[in-house]
Amino acid sequence: TKNLETEVMGKEILCFRKVFSTNSIAKFLANHSAEEGTVLISEIQTKAKGRLGKKWESPEGGVWMSLILRPKVPPAKIGLITLATGVAIAKSIKSLGVDAKIKWPNDVLIHGDKISGVLTEVNATFNDIDWVVVGVGIDSNLKLEDFSEDIRIGTTTLTEELPTKVDENELISIFLNEFEKIYNLYKDGKTETILKDWRDLSDTIGKYVNITQTGGKVTQGYVVGINNEGNLIIERQDGTLEKIISGELRTVE
Ligand code: BTN
């Protein structure tokens, strides 16, 4: 990895040619005492997972990686790691010269199309976190034709957005540098800084949306903002507020 300036993130990097899912391997290693900052990267994933039980297509040419973290914070603070990861990805992509925005909770978009997603998996008890695995997928050197037809609409890649190929190792370093900075803020309890960064990059605040919550409930209304646990706050038609912890969001015109 080029220009990696981190102290912890990527101290140990495991590279694979082809795996089912880097998150699955990361979880296994986390259960077998892998250290915080261990990073797993694979060129191809054959059974990668997306949020809400979806599949995640991972052909050769993308950045598919997982980070193992062991934050000593209350489990309620995990949602913030996911937001922080979105911020780190968006900043990394912006540094390549394209504008990136975040759709709640952590899809990264370029002019409205998704380029990256985050899947956070956790092992925690009521009081303590044992590990957090943060899975990051970035559609970097890929063309839309590399994906199956049904996901091409609403998807984009760096190849589609930039005139030149990106150096994937460099992109990984940029991301790990950004991630470590924001993760240190997180561990220092600098929640406000993270939330401010997230809000500045948000493509969701102020929009009228329709949300299918995990469990099936549908809510419609204005996105007022996020609270300091990273939950979305919606103002419904009748003026009441609703807190959304997890779900799928669609903008209503
Ligand atoms: C989403 O937007 O639905 C989240 C996608 C997360 C994909 C990444 S790729 C690396 C890691 N391994 C997985 O199986 N999933 C994540």
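Only the coordinates and a few stated rules stand behind these numbers; no lab work does. None of the values given here were measured: they were computed from a predicted structure. Positions of Cβ are generated from backbone atoms using ideal geometry, with glycine treated the same way; all protein chains shown enter the neighbour counts.
Quick check: pseudo-label points 7 Å beyond the Cα along Cα→Cβ at Ser33 and Leu52, how many nm apart are they?
With each label placed 7 Å out from Cα toward Cβ, I get 4.0 nm.
How much FRET efficiency would the formula 1/(1 + (r/R0)^6) give for Asp130 and Val8, where r is the Cβ-Cβ distance and R0 is 22 Å, rounded to 0.05? Provide the component values of the computation, followed by the final result.
Values: r = 17 Å, r/R0 = 0.79.
In this case the efficiency is close to 0.80.
Mind checking the full-extension length gain between Ala76 and Glu253? Use 0.36 nm per residue of separation minus the Cα-Cα distance, one decimal, nm.
Once the chain is fully extended between Ala76 and Glu253, it gains 60.4 nm.
Mind sorting Phe28, Phe16 by how few other Cβ atoms lie within 10 Å of their own Cβ, fewest first? Please report the intermediate quantities before stating the final value.
Values: Phe28 11, Phe16 14.
Ranked by crowding around the Cβ, least crowded first: Phe28, Phe16.
Compute the distance from the alpha-carbon center of region 175-253 to that of region 44-60, in whole Å.
24 Å
Beyond 21 Å, what share of the Cα-Cα pairs of the chain remains, rounded to the nearest whole percent?
Values: 18171 of 31878 pairs.
The calculated P(r) of the chain puts 57 percent of pairs beyond 21 Å.
Which of the trypsin sites (Lys or Arg not before Pro) across region 20-60 are loop residues per DSSP, with 13 or fewer other Cβ within 10 Å?
Working: sites: Lys27, Lys47, Lys49, Arg51, Lys54, Lys55; in loops: Lys47, Lys54.
Filter output for region 20-60: Lys47, Lys54.
Multiply the residue separation of Lys217 and Lys243 by 0.36 nm, subtract the distance between their alpha-carbon atoms, and state the gained length in nm to one decimal. Intermediate results must be reported in sequence, preceding the final value.
Details: separation 26, 0.36 × 26 = 9.36 nm, distance 1.23 nm.
Additional length available on full extension: 8.1 nm.
Using a Förster radius of 41 Å, what is the FRET efficiency between Asn169 and Arg199 based on their Cβ-Cβ separation? Nearest 0.05, please.
Working: r = 31 Å, r/R0 = 0.76.
In this case the efficiency is close to 0.85.
Could you work out the relative contact order of the chain? I mean the mean sequence separation of Cα pairs under 8 Å and 6+ apart, divided by the number of residues, in percent. The partial results should precede the final answer.
On the way: 535 pairs, mean separation 45.6, N = 253.
Relative contact order for the chain comes out at 18 percent.
So how do Ile115, Ile13 line up by other beta-carbon neighbours within 10 Å, fewest first? Provide the component values of the computation, followed by the final result.
On the way: Ile115 26, Ile13 16.
Result, fewest neighbours first: Ile13, Ile115.
Most mobile of Thr214, Thr157, Thr120 per a Gaussian network model of the chain (Cα springs, under 10 Å)?
Result for the chain, Cα springs under 10 Å: Thr214 fluctuates most.
Using DSSP to define loop residues, name the GluC sites (Glu not before Pro) in region 7-48 whose beta-carbon has at most 11 other beta-carbon atoms within 10 Å. Numbers along the way, then the final one.
Numbers: sites: Glu7, Glu12, Glu35, Glu36, Glu43; in loops: Glu7, Glu12, Glu35, Glu36.
When the GluC sites (Glu not before Pro) of region 7-48 are filtered for loop state and at most 11 Cβ neighbours within 10 Å, Glu7 remain.
For the chain, what does -39500 (n - 2.57) per DSSP helix run (n ≥ 4), summed and divided by total residues, give at 222 nm, in deg cm²/dmol to the nearest 500?
On the way: 6 runs with 66 residues, N = 253.
Calculated from helices alone, the mean residue ellipticity at 222 nm is -8000 deg cm²/dmol.
Work out, step by step, the length gained on full extension between Lys190 and Arg152: first 0.36 nm times the residue separation, then minus their alpha carbon distance; give nm to one decimal. Kindly include the intermediate steps, with their values, before the conclusion.
On the way: separation 38, 0.36 × 38 = 13.68 nm, distance 3.76 nm.
Full extension from Lys190 to Arg152 adds 9.9 nm.
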